Amino acid sequence: MTMSMEGFGPDSVFATPAEDNGQYRISRSLVRSAEGSTVPLTRVKCLVSMTTPHDIRLHGSAVTPAFVEFDTSLEGFGCLFLPSLAPHNAPTNNTNSASGVSDGAVLSGMGSGERLFPPPSGLSYSTWFCVERFSAAPQAHPVRLLTVVRRATSSEQHYVCLAVVLSAKDRSLSVSTKEELLQAHADESSEEASFYEILPCCARFRCGELILEGQWHHLVLVMSKGMLKNSMASLYLDGQLVGTVKLHYVHSTPGGSGSTNPPVLSTVYGYVGTPPAQRQLSSLVWRLGPSHFLEEVLPAASVAAIFELGPIYVGSFQAVYLPCKDSKAEVAPAAPVALVPEEKVSFSLYALSVSTLTVAKIRKVYNKLDSKAIAKQVRGVRAFVAKPVATNLQYVGGAAAILGLVAMASDLLAMLLKKKRSLLNSHILHLTFSLVGTVDSGHETSIIPNSTAFQDLLCDFEVWLHAPYELHLSLFEHFIELLTESRQVEAAKNAKLLREFQLIPRLLLTLRDASLSQPTVAAIGAVLSLLLQGFPSAHDLLRFGQFISSTLPTFAVCEKFVVMEINNEEKLDGGNDEDFGGLLSASLILLRNRLLDNLLRLLFTTKEKCTVNAQACEDLVRTLGFDWLLMFMEEHLHSSTVTAALWLLVVLLSNQSILNRFKEGLCGGGWLDHTDAVLTNKIGTVLGFNVGRSAGGRSTLREINREACHFPGLPVLQTLLPKHTNVPELYFLLMALFLQQPVTELPDSLQFDLDSIWTFIFGVPASSGTVVGSIHSVYMEAAFLLLAMLRSMLNLPWQSEEEGSWLREYPVTLMQFFRYLYHNVSDLAPMWHSAEFLCALAAAVFPFNIRPYSEMSKRRSQGLSLDAIYHCLNRTVLYQLCRPHKTVAQQVALLDSLRVLTVNRNLVLGPGNHDQDFVACLAHCFICLHSGRYGHIGQGQGSGAGFTCTAVCMRQEVSGMRQEVRGMRQEVSGMRLEVSGIRQEVRGM
């Protein structure tokens, strides 16, 4: 690595004054403020990336090891040649005339002394290797990890006595101690064929799934020689035992035990890789790391210790620190131990030290026999020695350079903490608080002192999220302390700073993590509530509302089957979290309801919910709109979500101005602001609607129809609320809205009866006999909503329900509620006499199919107007019911009229009949007939006194009915002629 010192003046952190003898030091400029002189973060990231190991093939190693690479695609071979594994001297008092070696001279090897082969007790071979690319079929070039060859001094026959080969076909490891001539062993196909044979001198270990391309692996082969029992061979891969098999030990003489007149002396040499005699062009590329050949049977503990040392260890295992088994026990530091005796290390291979030898140097270093063998092995391998930047930094200042960069960088610490996330703990978190200055007891104020450090360290949730011990929960609780426990002025300044740090969108993005615990979600919700208090930013409120709406499922997902338990767990009836792509989840419903509850609390001035914040209500309606709130009352949503949404609406409608806008259909569509990403196909699905690309993959242009977001709210509620008639909380909220009473809290366990209703609204049970006389004004439209829900329940098959079921009890309780008010609150008499209430009551009590206003307002059929016909029909029906019926004949005629009216009720009370007064008059006639006041409609007293106003109006119209009946017949006959003419015109077309 080359570094330029240009631009490093005397004030630089890398300055090297003469008095320091050329040693680098940190300049005093680091003590000063780093304002205006910070190192760009991209440069720091580049340096950290260079100094951080990115080789995932290493098992926790910090630096890539030095290695030798074997690439068979160049010449088909490549090997490390070991000229002598068992050096020995020539016999004394003898001269080998054939070889020219005198008595006592070294036949092979270097130095003095001899080494027996094979070792008498056993051997172990340890190696680190990495296969970059196995050879593809049909080449099947194996990875030859070790090949040991023997040759008798008096013969030119070379025998392979030990071979460790990794097959390219199934990646199994084969070990062979069979004595074979090197010439016969050179054929790769015959070699593989010999391994497939089941012989006492061959063994195969199945480890194909454990050896991966591009991954460094540690292999240890342990062979023990048995005296009284069979010899064994054990294979360890990455510190774990793969298997143990019976295997003949290496023969002590060349040619095996069956050879005749075995020679006394022999030379032993070895190959790692593919020698030139076995060349084969292929795509095989593999790397060899540190390797050791030991004349010792290693136990499993020593094998694990060697693996823990890693591929960067350099040494002969003479001073190894073994890991402590009991990490909790306080013991003295362990002393280094020797894993194997030093004399038992036969050879060690490291690519860390590589030198180039000439022919002259080879002759000088090696003896004649070894030099002759080395001359035949040339080319085929490349050596690589890792020079990491972390090591090279020692030549340009060492730690001073790194510390200087840390001091000059503003947000480097957060990046370093993110890299070491798994090591974080509460102590580090509190040290970070102290570093930022938010827990410094020496400060008299609790305002965030260092905003830059606070934003870089604490507001970067990627650092603390998913850290051990739920550190993010402690972080969010610290935010709550800064926003609540400090003085009001300081808390307001802290909240302003956090909003400027874009903490609200960061928290909302964090809530999308489904792995968060419920306490963490609650803490995030509390922080959001404190930051949104008073709605200082309409944009933040818009983001908050859009995030809540994003938790809504599509219309194909029904949440009614999710049962929310007390312990925040979920229980599904006929489904699980995997249904509908994971959209059906209790945790998502809990999150949505928690955020809606936080929004509800923001509409009050105090935590006790005593006074409604009118300005907050105005901001909510103006920013999000009524249509946003009505989305949470759809039929497929969970009952708890519907309850939370209706509670919000009840609080909003307590403001008369907002109530008028709700009735008129104003203030809608605000939550769809800033949705350009949806219109430009950057987002595929919003709230369950596919607004992205079409089915054919074509890009479609879509626009939001703002007019569709403005609609009267009451007709929509009359359509949505009857879909949730089994939810008792809705009745309590609607009754409180009807009586204009505030709702602070909903009871935990609701029992929908009259006493519970009165206790919830007024604080006293209805059975106490206390007459409520403080009700002077009501919200009549809320009564219409209750009657719509009553009508929905009466149209359900309640007859098949058991006694005490909600479908049988709720309608009775609703009628008791209205009856109690009818008899005890005289100020409500105008409402009982109004035509709107009577019409709604009649529609609820009588099971007629009266279509909602939205359906009645659809396009009417073209051609003849049916208003005149229905007007005449209505007058005729009322006339037939008002006629005297004292005699038997009159009563029979009345019964016949009722039968005709019942059979044709879909026609009489169909969507084309828009006369609302007709329904009220018809109900009045039925009541009179039921009470037995035949022929005296409108003149009775008692229970029918409340309908006198309607009856008087009806009598004025009945007086002219008889005269108009004759004219009706003529009109009908004329209409028939007109209809027949229309039919002829249609036929002519």
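Quick notes on this one:
- A full extension of the chain between T887 and N795 corresponds to an added length of 29.5 nm, given 0.36 nm per residue minus the alpha carbon distance.
- Here the extension length gained between A538 and K420 equals 38.7 nm, from 0.36 nm per residue of separation less the Cα-Cα distance.
- Between S931 and S451, the simple label model (points 7 Å from Cα in the Cβ direction) yields a spacing of 7.5 nm.
- In this structure, E462 and E343 have a Cβ-Cβ separation that, at R0 = 56 Å, corresponds to a calculated FRET efficiency of about 0.55.
- The amide H of S346, built 1.01 Å from its N in the peptide plane, has F293, L294, E295 as neighbours under 5 Å, considering only residues 5 or more places off or on other chains.
- For L146, the residues 5 or more places off, or on other chains, whose built amide H falls under 5 Å of its own are V164, G273.
- Rounded to whole numbers, the Karplus 3J(HN,Hα) couplings from phi for segment 811-824 are x, 5, 5, 5, 5, 5, 4, 5, 5, 4, 5, 5, 8, 10 Hz, using 6.51 cos²θ - 1.76 cosθ + 1.60 with θ = phi - 60°, and x at Gly and Pro.
- Rolling a 1.4 Å probe over the protein heavy atoms of segment 414-502, with every protein chain left in place, gives an accessible area that is 51 percent carbon and sulfur.
- For segment 409-526, relative contact order (Cα pairs under 8 Å, six or more residues apart, normalised by length) works out to 27 percent.
- Here the label points at K169 and E635, each 7 Å from Cα along the C-beta direction, are separated by 6.6 nm in the simple model.
- Note, ³J(HN,Hα) from phi for segment 354-359, Karplus 6.51, -1.76, 1.60, rounded to Hz, x at Gly and Pro: 10, 10, 9, 10, 8, 5
- Extension gain from T759 to V354, taking 0.36 nm per residue of separation minus the Cα-Cα distance: 136.6 nm
- On the basis of the beta-carbon distance and an R0 of 56 Å, Q240 and T675 show a calculated FRET efficiency of 0.50.
- Over all other residues within a Cβ to Cβ distance under 12 Å of E477, the charged ones net out to -3, with Lys and Arg as +1 and Asp and Glu as -1.
- Computed from the C-beta positions of R363 and E477 and an R0 of 60 Å, the FRET efficiency is 0.20 to the nearest 0.05.
- Per residue, the accessible area of segment 409-526 comes to 50 Å² when a 1.4 Å probe rolls over the protein heavy atoms.
- Segment 776-813-segment 729-745 distance, computed between alpha-carbon centres (Å): 16 Å
- Long-range HN-HN contacts of L322 with modeled amide H, under 5 Å: V337
- Rounded to the nearest 10 Å², the accessible area of F561 at probe 1.4 Å: 110 Å²
- Size of charge dipole - segment 409-526 - debye, nearest 20, with Cβ of Lys, Arg +1 and Asp, Glu -1, no other charges: 300 debye
- Between E745 and S834, the simple label model (points 7 Å from Cα in the Cβ direction) yields a spacing of 3.4 nm.
- 22 Å Cα-Cα threshold exceeded, pairs from K225/K372; K560/K723; K420/K496; K178/K225; K225/K344: K225/K372; K420/K496
The values are calculated or read from the model by the stated rules, or taken from the named source; none is laboratory data. This is a predicted model, so every value here is computed, not measured. In this analysis, Cβ positions are derived from the backbone assuming ideal geometry, glycine residues included, and neighbour counts consider all displayed protein chains. Surface areas here come from the heavy atoms of the whole protein model, side chains and all, with no ligands, DNA or RNA. Shrake-Rupley method; radii C 1.70, N 1.55, O 1.52, S 1.80 Å.
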